[in-house]
Amino acid sequence: MKLSTFIKGALATSVAASIVASHAVYADTVRLRMHTFYGTEVDDIARDLRDRVNEASDGSIRIQFFRAGELVDSDQFVDAVSRGTIDIAHGVGSYWPGAVSIGTIEGGLPGAWVSAEEARDIFENQGLDELVAAAYEERGVKLIGRGFGSDYGLVTREPVTSLEDLRSMRIRATSSIAAVLEPFNIPTVFLPGQELYVALSTGVIDGAVYGGPVEYEQLKLHEVTGHYTDLNLLNPGWTENALINPNTWERLSEEQQEILTSAIDQYLLDVHQWLEEGNQRIIDEGELFEFAVLPQEDSNRLAEAALPIWEAEAEKGERHAQAIEILINNAIEQGRLSE
């Protein structure tokens, strides 16, 4: 047999094997249940994600999308992903401090960053995401995406002109914000986003720190509140994550993993852009809320109240101490703290 004939035959065999292998990878359709903490407001973005993944994977990955509260409560995402009740969760670390305690730092400590660009650098380039990912791995879930929120203000039924006004109100807040408000004797409670409308309309709570104007618009909270106050605590006010069940992840080929993570990165960016653009639109229109800013003196008092939170988080363990050290070094670099 001529060498050229042998080479051509070997090449054909190799190509055929590659085609068979490729078909084998996509032989079974993988159906993924993805759950978000958002409601109907991200339906269009979720539809784009499903279409993007379906097209890029030649139909081998299909995503079934669930809104807040449809399968499990948002604060139960880590356990649900670990058990396989859902395959992918899109949530916020500060929702589950009891399950993953570093989630409080991950979600955003008051004073940790002042822009999305700064927050992204802290997570991606200064090592915070590596610490967070290790913590989730210990709880049986895998971190595969990082998103960033937007404005994080207080919406109330009555106007707020000072911290003193809040002492007669009950405010929905995550654990980190609750810890800042506690020294000022401001009552707080945690409620999922889908429960805020009823809670505010019935007087169970008097206000909420949940997001920015566009999220309050989507939840129709302007119908039961009417006042938005900028607290000057944190921007973006929270970070978002995408978590996947490790067994689900291992079922995917490397190519499918790349398709999924790339699509989720775009999804998280789309959510951030929707928040930023929507918030600015509502602020510019000035129709849904009466906008106010907490007096600078009170904002400074809140910032001072946040420092013990950093210290308390650092005392929870070596990983927490390393995370706080990252935040401190960054704040020094940015000029917000002195050495």
³J(HN,Hα), Karplus 6.51/-1.76/1.60, whole Hz, each residue of the stretch 92-103, x for Gly, Pro
9, x, 6, 6, 9, x, x, 8, 9, 5, 6, x
Counting only residues 5 or more apart in sequence or on a different chain, those whose built amide H sits under 5 Å from that of E240 are G147, F148, G149
In whole percent, and with a 1.4 Å probe on the protein chains, what portion of the accessible area of the chain is carbon and sulfur?
47
Comparing D129, D165, D48, which has the greatest mean-square fluctuation in the GNM of the chain with Cα pairs linked when under 10 Å apart?
D165
So for the chain: antiparallel DSSP bridges make up what percent, rounded to the nearest 5?
50
Name the residue from Y95, V114, G59 whose Cα lies farthest towards the positive end of the charge dipole of the stretch 46-143, charges +1 on Cβ of Lys and Arg and -1 on Cβ of Asp and Glu.
G59
If a helix is a whole DSSP H run, which ones in the chain reach 27 Å or further along their own axis (Cα) and hold a mean Kyte-Doolittle hydropathy of at least 0.0?
3-25
Assign unit charges at the C-beta atoms only (+1 for Lys and Arg, -1 for Asp and Glu), then state the dipole size of the chain relative to its Cα centre in Debye, rounded to the nearest 20.
1400
Considering only L71, L275, S162, whose Cα is most displaced toward the positive end of the charge dipole of the chain, charges sitting on Cβ of Lys, Arg (+1) and Asp, Glu (-1)?
L71
Cut-off under 5 Å, modelled amide H: who pairs with F66 long-range
M34, H35, T36
Given 0.36 nm per residue, what is the gain on full extension from R139 to T202 after removing their alpha carbon distance, in nm?
19.0 nm
Let a ≥ b ≥ c be the square roots of the eigenvalues of the Cα gyration tensor of the stretch 239-339; is it rounded (a/c under 1.5), or, if not, prolate (a/b larger than b/c) or oblate?
oblate
Under the rule of -39500 (n - 2.57) per DSSP H run of 4 or more residues, summed and divided by the residues of the chain, what mean residue ellipticity at 222 nm is obtained, to the nearest 500 deg cm²/dmol?
-15500 deg cm²/dmol
Given an 8 Å cut-off on Cα distances and at least 6 residues of separation, report the relative contact order of the chain as a percent.
22
Quick one: net charge around N330, please, counting Lys, Arg +1 and Asp, Glu -1 for every other residue with C-beta under 10 Å from its C-beta.
-3
Accessible area of the stretch 173-286 divided out per residue, in Å², using a probe of 1.4 angstrom
38
Centre separation in Å (Cα based) which lies between the stretch 124-169 and the stretch 191-247
11
Mind listing the long-range amide H neighbours of V189? Cut-off is under 5 Å, sequence gap 5 or more, other chains count too, H placed in the peptide plane at 1.01 Å from N.
I171, R172, A173
Students often check this: by mean Cβ neighbours within 10 Å, which of 111-122, 238-249, 325-336, 193-204 ranks highest, and how do the rest follow?
238-249, 111-122, 193-204, 325-336
Per the C-alpha gyration tensor (a ≥ b ≥ c, the square roots of its eigenvalues), the chain is rounded if a/c is under 1.5, else prolate if a/b beats b/c, else oblate; here it's prolate
Once you put a point 7 Å from the Cα of D121 and another 7 Å from the Cα of R319, both along the Cβ direction, what distance in nm separates them?
2.6
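The values are calculated or read from the model by the stated rules, or taken from the named source; none is laboratory data. None of these values were measured; they are calculated from a predicted model. Every residue, glycine as well, gets a Cβ built from its backbone with ideal geometry; the counts of neighbours run over all protein chains shown. SASA here: full protein model, heavy atoms, side chains in, ligands and nucleic acids out. Shrake-Rupley method; radii C 1.70, N 1.55, O 1.52, S 1.80 Å.
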